[in-house]
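J.: Pasting a structure here, questions to come.
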Number of protein chains: 2
Amino acid sequence: METLKGKTVSFIGLGLMGGALAMGIRKQGPDKICAFDINEEVLEDALRKEVIDWGVSEPEGIRQILGVSDLVVICLYPQLALDFILEYMEDFKENAVITDITGVKKLLVDQLRGVLREDLDLILGHPMAGSEKEGFGNADDAIFKDRNYILVPQPENKPENLAFIKEIIRNLGFVNIVETTAEVHDQKIAFTSQLCHVIASALVDSEEDLHITDYEGGSFGDLTRIAMINAGMWTELFICNKEALVDQIEKFEKSMDTMKKMIQAEDSDGLTEILSNVRKKRITMEVDRQNKTSARTQKA
Amino acid sequence: METLKGKTVSFIGLGLMGGALAMGIRKQGPDKICAFDINEEVLEDALRKEVIDWGVSEPEGIRQILGVSDLVVICLYPQLALDFILEYMEDFKENAVITDITGVKKLLVDQLRGVLREDLDLILGHPMAGSEKEGFGNADDAIFKDRNYILVPQPENKPENLAFIKEIIRNLGFVNIVETTAEVHDQKIAFTSQLCHVIASALVDSEEDLHITDYEGGSFGDLTRIAMINAGMWTELFICNKEALVDQIEKFEKSMDTMKKMIQAEDSDGLTEILSNVRKKRITMEVDRQNKTSARTQKA
């Protein structure tokens, strides 16, 4: 793992994801790791754990670390990530590579088109891993093992920088790197991530019994773990991706409604047919996932 | 574990659950384990693995094993379980204890009230454990560890028989034995189990992309694992518990609709408030579960 030898990497935001990424990148031997976070206790904790070498908590510090960083990893909520790039545009080191981890991509592509300093290379990315726990104190790079990483390359990205980012991602433990457009990313994520969080939240919202887990056998726990949600972040993600998400919610509502009507009508044949098809479809999806994971693991 | 010493236990149906229960009961040292299953290969497999001592596949065999069984565990779908008890009523051993594992209870209580032979003691139960895999070949009593078991005692159940069943359940690895009525059971299970299976199925049904797992980070997998569903069994469970289930589906649909409208209206404050409340509620439910598990584990 020579990719990061001699390089300085900065993390903007040292929460659960920024922290976990910094831990994973530390193992790849960069020259120096810097971080910005508004919470000084987090920086002290990260310094003590030797996850970072230099922590800053105010704008002057940001300018200093950006000036020396070959790679900047922005780990902020979507709107803040956009604001950060616009505000500190002139402070990045010449030819710096910038990447992000935000859960919506069209916002960044649309707002930064034609605006980004020409020598900078912004490679949009989305690590498909996380936790219902928040903050640097819960960060652990083990969450990346065997997960997907979505990249949203733009025509202006330099091939060598894309290769550089992919090498780092593979070294973090991700097995499946998918490349797509901002539009497709936002549409797929509306389904696999945002819709799932809306469903989990609605499910908990609809139940009043706080001792309901007395009656559960695993399904309820699995379906609602992600309802222990970072309210501010998910509100922003839902609203940033409003159109794609509402579209997915409505498709889901239609399927629910079909099943509800069949239950009401005691339509055994219809229900058995839907459930059989669903079983086949879900198994096909699972086989596709396992094939990709094992193909990538063997290659590695 | 002397509870089953000298006793003969019969399993009616040796699928995933019957098989797992037989494996767990084998460890409790009964005198003999018998089983009925229509599939002779399953019986041969169970004999070879020494899970059972005697397997039968036709009515005459059923009469023989019932005639010697102190405990009969009925592991059939709801309607078949009811039909079985009615059909073989006269064949059970005198003073036999019968128990079941079906996912709906009002059906059995309503249909058997005043009909059951007076010396027989039917103790209704529901082990809250399972697997998306089916059949005896996938049976494993490890699925019971630290799970809930719901009992639905009736006024006519003998206290010593209830104590006998509870002892067996605890020895199987279940930590939390909840006692309730058939009505409450069916209402709670409509939420924690049946609604969750409808949601998982509708979620898979609403997505056409068979490569969708390229874009998932765990949530989609967790929410849809149970969509690899036993279509026949769940169709019957949904329809048997139609009223409670449709009620739960409608409460859930109302919560989904509230959130959808807030997303459409870009109501950040409203969404953040809902998601914060949901987070608190889900954490409270989780703490309640953990307290009960640890209290019961310490007592054991």
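J.: Using DSSP to call loops (not H, G, I, E or B), can you name the GluC sites (Glu not before Pro) in the range A:156-213 whose Cβ has at most 16 other Cβ atoms within 10 angstrom?
T.: Those satisfying the criteria are A:GLU156, A:GLU208.
J.: Calculate log10 I(q)/I(0) of the protein assembly as shown for q = 0.08, 0.09, 0.12 Å⁻¹, where I(q) comes from the Debye formula with a single equal point scatterer on each Cα and nothing for solvent.
T.: Reported log10 I(q)/I(0), two decimals: -0.64, -0.78, -1.15.
J.: Could I have the simple spin-label model distance between B:LEU47 and A:THR181, label points 7 Å from Cα toward Cβ, reported in nm to one decimal?
T.: Going from the B:LEU47 label point to the A:THR181 one covers 6.4 nm.
J.: Considering only DSSP beta bridges with both partners in chain B, what is the antiparallel share in %, to the nearest 5?
T.: Within chain B, antiparallel bridges account for around 15 percent of the total.
J.: Net charge around B:VAL278, counting only other residues with Cβ within less than 11 Å of its Cβ (Lys, Arg = +1; Asp, Glu = -1)?
T.: Once all neighbours under 11 Å are counted, the net charge is +1.
J.: Can you compute the helix-only [θ] at 222 nm over chain A? Use -39500 (n - 2.57) per DSSP H run of at least 4 residues, normalise by all residues, nearest 500 deg cm²/dmol.
T.: -15500 deg cm²/dmol
J.: Taking a point 7 Å out from Cα toward Cβ as the label site, list the nm distances between A:GLU40 and the same residue in every other copy, smallest first.
T.: 8.2
J.: To the nearest 0.05, what FRET efficiency results for B:ALA142 and B:ASN39 with a Förster distance of 25 Å applied to their C-beta separation?
T.: Plugging the Cβ-Cβ distance into 1/(1 + (r/R0)^6) gives 0.60.
J.: Something else about it: What does the extension gain come out to for A:GLU253 and A:ASN277, with contour length at 0.36 nm per residue minus their alpha carbon separation?
T.: Result: 6.8 nm gained on full extension.
J.: For the range A:134-252, what does the equivalent ellipsoid look like in terms of its semi-axes, each the square root of 5 times an eigenvalue of the Cα gyration tensor, given largest first in whole Å?
T.: Over the Cα atoms of the range A:134-252, the semi-axes work out to 32, 20, 12 Å.
J.: Place a point 7 Å from the Cα of B:GLU94 along the Cα-to-Cβ direction; which residues of the range B:141-168 have their backbone N under 19 Å from it?
T.: Answer for the range B:141-168: B:158, B:161.
J.: May I ask for the Rg/Rh ratio of chain B, computed from Cα atoms with Rh as the Kirkwood radius, given to two decimals?
T.: 1.01
J.: Next question. Among the listed pairs B:LYS188/B:LYS254; A:LYS133/B:LYS280; B:LYS158/B:LYS242, which are separated by more than 21 Å between their Cα atoms?
T.: Violating the 21 Å Cα-Cα cut-off are B:LYS158/B:LYS242.
J.: Peptide B:264-270: average number of partner chain Cβ atoms within 10 Å per residue?
T.: 3
J.: Shifting gears a bit: Mind listing the long-range amide H neighbours of B:PHE11? Cut-off is under 5 Å, sequence gap 5 or more, other chains count too, H placed in the peptide plane at 1.01 Å from N.
T.: Long-range HN contacts for B:PHE11: B:CYS34, B:ALA35, B:PHE36, B:VAL73.
J.: To continue, here is another question. Run through every distinct alpha carbon pair of the range A:181-249 and return the Kirkwood hydrodynamic radius in angstroms, one decimal place.
T.: Kirkwood hydrodynamic radius for the range A:181-249: 13.0 Å.
J.: Normalised by the residues of the range B:93-192, what does the relative contact order come to in percent, with Cα pairs under 8 Å and at least six apart?
T.: So the answer I get is 32 percent.
J.: Okay, moving on. Report the Stokes-Einstein translational diffusion coefficient (µm² s⁻¹, integer) for the range A:214-300, Rh taken as the Kirkwood radius over Cα pairs, at 25 °C with viscosity 0.890 mPa s.
T.: This corresponds to a translational diffusion coefficient of 146 µm²/s.
J.: Here is a follow-up. Considering the zone a paramagnetic label at A:HIS211 would reach in this model (a point 7 Å from Cα along the Cα-to-Cβ line), which residues of the range B:167-183 have amide N under 20 Å from it?
T.: Once the point is set 7 Å along Cα→Cβ of A:HIS211, B:170, B:174-183 turn out to lie under 20 Å by backbone N, inside the range B:167-183.
J.: In whole percent, what relative contact order does chain A give with Cα contacts below 8 Å and a gap of six or more residues?
T.: 15 percent
J.: Now a separate question. Find the centroid of the Cα atoms in the range B:200-243 and in the range A:176-221, then give the distance between the two in whole Å.
T.: The range B:200-243 and the range A:176-221 have Cα centres separated by 12 Å.
J.: Hey, another quick one. Can you pull out the trypsin sites (Lys or Arg not before Pro) in the range B:82-176 that DSSP calls coil and that have at most 10 other Cβ atoms within 10 Å?
T.: B:ARG113
J.: Among the lysines, select those whose C-alpha is under 16 Å from the C-alpha of B:LYS292, and discard any that sit fewer than 8 residues away in the same chain.
T.: B:LYS292 reaches B:LYS145.
J.: Sticking with this structure for a sec: Given H placed on each backbone N at 1.01 Å, which residues far from B:ILE229 in sequence or on other chains put an amide H within less than 5 Å of it?
T.: A:ARG279
J.: Can you list residues whose amide H is under 5 Å from A:LEU122's amide H, if they're 5+ apart or on another chain and H is modeled 1.01 Å from N?
T.: Long-range HN contacts for A:LEU122: A:ILE98.
J.: Output, in nm with one decimal and in ascending order, the distances from the B:ASP267 label point to the matching label points of the other copies (7 Å from Cα along Cα-to-Cβ).
T.: Output for B:ASP267: 3.2 nm, nearest copy listed first.
J.: Relative contact order, percent, of the range B:185-265 when contacts are C-alpha pairs under 8 Å separated by at least 6 residues?
T.: Contact order relative to length: 47 percent.
J.: Taking a point 7 Å out from Cα toward Cβ as the label site, list the nm distances between B:ASP209 and the same residue in every other copy, smallest first.
T.: The answer, with the shortest distance listed first, is 3.7 nm.
J.: Report the residue, chosen from B:ASP186, B:ASP257, B:ASP91, that carries the largest GNM mean-square fluctuation when chain B is represented by alpha-carbon nodes joined by springs under 10 Å.
T.: Residue with maximal mean-square fluctuation among B:ASP186, B:ASP257, B:ASP91: B:ASP257.
J.: Apply the a/c threshold of 1.5 to the C-alpha gyration tensor of the range A:11-157 and tell me whether it is rounded, prolate or oblate.
T.: Here the range A:11-157 falls in the oblate category.
Readers should treat all values here as calculations from the given coordinates under stated rules, not as data from a laboratory. No experiment lies behind these values; they were computed from the predicted model shown. Here Cβ is always computed from backbone atoms with ideal geometry, including for glycine, and neighbour counts include all displayed protein chains.
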